[in-house]
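Worksheet for the structure shown next.
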Amino acid sequence: MTDTPSPDAAPRNRRWRRVALWSLLVVAVLEAALNVALNTGVTQAIMGRATDRTRLTWQRAWWLWPVGRLHLTGFTLTQQDSDVWWKVEVDALEAGMSLTGLLRKRVDVDGIDGHGASFHLEPSGAPAEPSDPNSKPWVIHLKDVTLHQVRELDFSRVRFAGAMDVTGMLNLQARERIEVDLPSVRVAEGFIEVDGQRVARLEALDSRARLDAPFQAGKGYDLTKALGGQAKARIDVLPLDWINDQLGPSAPVSLRGGAGRVDLDLRVERNTVQPGSQLKASGEALEVKAGPMRARAPWSLQASMGTEPGEQLSGSMRLAFAPVHVSGPKDHDMEVPEIALSVRARRREGQPGLDLEPALSVAKSKPLDLRVLNPWLGQTLEIDSGHVTVRTEEPSKRAKARDALELRLDTNLVSGQMGPNKVLLRAEVEVDARHLSWDMTELGLSGTTLRLRDVSSNGNVPIRAWSGNFTLPRASLSLSPTVLKARFTSQLTDTQPIVALITSSKKLPGFLTSLLNIPEVEVTGQVQIDEHGLQLRELKAKGQSFSLEGHLDLVQGNITGALLASLGAVTGGIELKPGKHDVHLLNATEWFKRQPVPPLR
């Protein structure tokens with residue numbers, strides 16, 4: 001007995017074959033349509049019209065949907081707002097992607113494996129654009145991302161170039177939040193560049209980082225407390241000559257050398273450096289040239305962050321140069337065993353920012369021959385002999401004034417010539433380092449105090465063992481050319497210097513004789529000293545029944561200018577000329593007002 005096929009079996013088999021063939025044909029058509037859409041820009045155009053200022057683009061793509069993975073080449077992700085513009089580029093990547101998510105304005109990508117990537121970020125000049133409050137923003141969720149051979153991180157002027165491997169995720173919801181989690185960032189070797197010049201070699205980097213920035217309407221993404229993570233790095237610092245290009249060819253300061261090494265362990269939470277962070281660095285001799293002076297010294301830097309009782313954050317930093325060799329024209333040298341700046345930082349509970357406690361330590365230097373100043377000071381006082389040392393107060397003495405941060409310069413007995421007159425003096429200078437400032441053209445010296453002692457001169461009216469203190473509430477020193485500008489105030493114990501300045505002969509005019517006996521005179525004015533001499537402007541002096549005002553120039557002992565002096569009821573004008581001074585007693589005030597005041601050079 002044999003089985004015979006049912007008369008309906010053959011038609012059913014043929015129907016199933018037709019269904020399978022048609023299904024395969026439909027899938028093939030859909031697959032072809034999908035890949036055509038991916039490669040003709042249709043998908044990118046649809047997403048571009050709906051993603052505000054976020055753009056996803058690629059050059060070529062193929063996708064064996066739904067069982068295969070999406071393959072892209074020339075992939076870019078770009079985001080722009082009114083503050084910043086950034087772009088991620090990947091040469092080639094493959095990933096799993098939800099096609100249905102695109103219908104819900106979501107880009108859900110999983111298991112991204114990319115090769116050859118770069119990142120660019122720069123300030124944005126785009127105007128702020130209002131968004132439709134009723135529109136649903138796109139969500140871009142990239143998870144389980146692995147990027148190999150990240151060759152570039154470009155932050156406008158600062159750039160990393162090398163080879164980096166990155167794993168992480170990105171969650172970007174337009175106008176709501178951006179989240180980035182990078183559990184592993186590793187660099188075997190690379191370079192850091194500033195404006196196209198290599199400044200450091202990144203020998204090794206192992207780090208993790210997180211970014212969680214909510215969007216604030218009208219302000220963009222809030223990055224004030226968005227960053228956290230940890231980074232360990234070894235960096236070779238290249239010579240600092242590249243800084244000269246940043247300063248410009250006309251800068252009065254130039255640097256050379258200073259190559260070194262940095263070991264960094266940085267821990268950050270909510271944009272705040274955390275306990276356990278530390279930095280150790282040291283380098284070869286760095287040479288700094290400023291005007292006629294050169295300084296050369298090896299350097300070291302140490303910094304750390306910890307906690308104090310009460311769990312308050314506390315950090316410390318110490319930058320040291322040792323030994324420091326300073327040289328000037330004609331091989332006049334000075335050596336300072338060590339110059340160190342220490343800063344202690346404390347965070348106060350419930351208050352923003354840090355309390356900083358700086359401390360400057362300068363070990364007493366070897367004496368410097370003051371004749372090094374003659375190219376600058378020679379027209380005012382040409383120094384024949386004398387030395388200066390530089391130091392700071394001993395820590396035990398500084399403890400009496402917690403806020404003091406002073407640099408002291410002390411001279412021995414200095415001998416010099418002011419024109420035909422011999423001058424002897426000792427000087428002490430106290431510089432308040434808290435007020436030091438530097439803007440690459442001049443050094444701010446506000447708060448400086450100058451003390452003169454044992455001042456003697458053999459002029460027409462001799463000065464004998466005079467002393468005086470001058471405070472400089474505003475002062476600056478330009479280095480190229482060298483110019484000192486300052487406002488000064490002084491309480492003089494007597495008037496010997498004033499008499500010596502306005503007297504060209506041993507015999508004083510009658511109405512000025514009592515000047516020799518006026519105690520406690522207050523003097524204020526503006527002074528400028530440069531290579532052409534000394535200029536005094538807005539000079540004013542007040543004492544018992546005495547006042548004086550005027551201006552004068554001093555060049556190689558020769559004085560020019562005009563003064564108006566009052567002694568009791570008598571007022572006289574003094575016309576200062578080289579070798580001769582004229583006194584005007586008739587209409588002295590009107591005469592003085594007619595005298596021109598030459599501008600400061």
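Treating r as the C-beta distance of Ala363 and Val158 and R0 as 51 Å, the FRET efficiency rounds to 0.90. Highest average first, the peptides 321-328, 186-193 ordered by how many other beta carbon atoms sit within 10 Å of their residues are 321-328, 186-193. On a per residue basis, region 512-580 carries 43 Å² of accessible surface, using protein heavy atoms and a 1.4 Å probe. Close amide H pairs (under 5 Å, H built 1.01 Å from N) link Leu445 with Ala475, Ser476, Leu477, residues at least 5 positions away or on another chain. Counting heavy atoms of the protein chains alone, Met305 has an accessible area of about 40 Å² for a 1.4 Å probe. The amide H of Gly74, built 1.01 Å from its N in the peptide plane, has Gln59, Ala92 as neighbours under 5 Å, considering only residues 5 or more places off or on other chains.
Note on Gln216 and Arg186: with the Förster distance fixed at 30 Å, the Cβ-Cβ geometry gives a FRET efficiency of about 0.35. Under 5 Å between amide hydrogens, built in the peptide plane, is the criterion, and for Ser277 it picks out Arg267, Met305 among residues at least 5 positions away or on other chains. 3J(HN,Hα) along region 188-197, derived from phi through the Karplus expression 6.51 cos²θ - 1.76 cosθ + 1.60 where θ = phi - 60°, amounts to 7, 6, x, 10, 9, 10, 10, 6, x, 10 Hz, with x in place of Gly and Pro.
In sequence order, region 138-154 has phi-based couplings of 6, 10, 10, 10, 10, 10, 6, 9, 10, 10, 9, 6, 5, 9, 7, 10, 10 Hz under the Karplus curve 6.51 cos²θ - 1.76 cosθ + 1.60, θ = phi - 60°, and Gly or Pro positions carry x.
Couplings for region 162-173, taken from phi via the Karplus curve 6.51 cos²θ - 1.76 cosθ + 1.60 with θ = phi - 60°, read x, 9, 9, 10, 10, 10, x, 8, 9, 10, 10, 10 Hz in order; Gly and Pro are left as x.
Put simply, the Cα atoms of region 253-348 extend 56, 23, 20 Å along their principal axes, the longest span coming first. For region 447-601, the pair-distance distribution built from all alpha carbon pairs, in bins 10 Å wide starting at 0, is 10, 39, 40, 11, 1 percent.
Contact order, relative form, for region 222-312: 27 percent (alpha carbon pairs under 8 Å, 6 or more residues apart, mean separation divided by residue count).
The residue among Gly315, Phe215, Ser254 whose Cα reaches farthest toward the positive pole of the charge dipole of region 199-331, with charges on the beta-carbon of Lys, Arg, Asp and Glu, is Ser254. Protection proxy ranking, highest mean first, for peptides 370-376, 73-79: 370-376, 73-79, where packing is the per-residue count of other beta-carbon atoms within 10 Å, averaged. Calculated FRET efficiency, Trp438 to Ser545, Cβ-Cβ distance, R0 = 45 Å: about 0.50 to the nearest 0.05. Dipole of region 562-601 computed with +1 at Lys/Arg Cβ and -1 at Asp/Glu Cβ about the Cα centre; of Leu585, Pro598, Gly573, farthest Cα towards the positive end is Pro598.
Evaluated on region 529-601, the Kirkwood hydrodynamic radius is 12.9 Å, with distances taken between all distinct Cα atoms.
The values are calculated or read from the model by the stated rules, or taken from the named source; none is laboratory data. For clarity, every value in this text was computed on a predicted model and none was experimentally measured. Note: ideal-geometry Cβ built from the backbone for every residue, glycine included; neighbour counts use all protein chains shown. Ligands, DNA and RNA are excluded from the accessible area calculation, which covers all protein heavy atoms including side chains. Shrake-Rupley method; radii C 1.70, N 1.55, O 1.52, S 1.80 Å.
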